[in-house]
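A.B. asks: Attaching a single structure in structure tokens format; questions to follow.
The values are calculated or read from the model by the stated rules, or taken from the named source; none is laboratory data. This is a predicted model, so every value here is computed, not measured. Methodologically, a virtual Cβ is constructed for each residue, glycine included, from the backbone with ideal geometry; neighbour enumeration extends over all protein chains shown.
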Amino acid sequence: MELRKKSIFTLLLTLLIVGINLLWTGWKEKEKTPPVKELPEGQYKVTRVIDGDTIVLETGEKVRYIGINSPEMNSKNKTTKCFAEKASEKNKELVEGKIVKLEKDISETDKYGRLLRYVFVDGIFVNEYLVREGYAKVSTFPPDVAYQETFLQAERSAREEKKGLWDENDSCKNL
């Protein structure tokens, strides 16, 4: 019986220590997090651009642009990587350090937990702009298709005007 009491006491003590540690860690994390400036609903400050179609907000949340896909930064293909760098730089120029307005379609997040949003800054519809200027391609997935036709028209325009990804003379294609 004495052994059973010791086991229960040890278990309770362990649970107490783990609980205190979890509370302390959570409190310390909150203490480190800088306060987020209150902005009008749907507006957020962009603190970092990850690539041509993904950003990080002041809240720490990642946002994946709906309806478009820019070339991947981690590609082994030099041409693709070159276009990825151009798309990322253009995205930085457009939104980094700025206040953006986010618009939701149907889905809240993607399978990686990133918010799915349309992004607007200084009167520019960023998703559409990146496609129209050849920094990204149309990539829509139902049910998030509110601007699908807008993106398709933007891509047709970029192809016709041979911009970015569609420019045969672009320096990326001559690597």
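A.B. asks: Would you mention how many residues in region 96-108 are under 16 Å from Ile68 (Cα atoms), among the hydrophobic types (A, V, I, L, M, F, W, C) and surrounded by 14 or more Cβ atoms within 10 Å (Cβ to Cβ)?
C.D. replies: So the answer is 1.
A.B. asks: Now, a different point. Any residue that is surrounded by fewer than 15 Cβ atoms within 10 Å (Cβ to Cβ) and either among the aromatic types (Phe, Trp, Tyr) or assigned to a loop (DSSP other than H, G, I, E, B) (or both) - is there at least one of those in region 154-166?
C.D. replies: Yes - at least one qualifying residue is present in region 154-166.
A.B. asks: Further question: Check Val119 against each of (1) more than 28 Å from Glu61 (Cα to Cα); (2) in contact with a strand residue (DSSP E or B) (Cβ under 6 Å, 6 or more places away or on another chain) and name the one condition it does not meet.
C.D. replies: Tallying (1) more than 28 Å from Glu61 (Cα to Cα); (2) in contact with a strand residue (DSSP E or B) (Cβ under 6 Å, 6 or more places away or on another chain), Val119 fails exactly one: (1).
A.B. asks: Being surrounded by fewer than 18 Cβ atoms within 10 Å (Cβ to Cβ) and not hydrophobic (A, V, I, L, M, F, W, C) is the filter here, so list the residues in region 115-130 that pass it.
C.D. replies: Asp122, Gly123
A.B. asks: Continuing with the same structure: Could you say which residue among Lys76, Lys92, Lys81, Lys111 is assigned by TED's automatic domain parsing to the domain that holds Glu161, without any contact (Cβ under 8 Å) to a residue 60 or more places away in the chain and within 13 Å of Arg64 (Cβ to Cβ)?
C.D. replies: One residue alone meets the criteria, Lys111.
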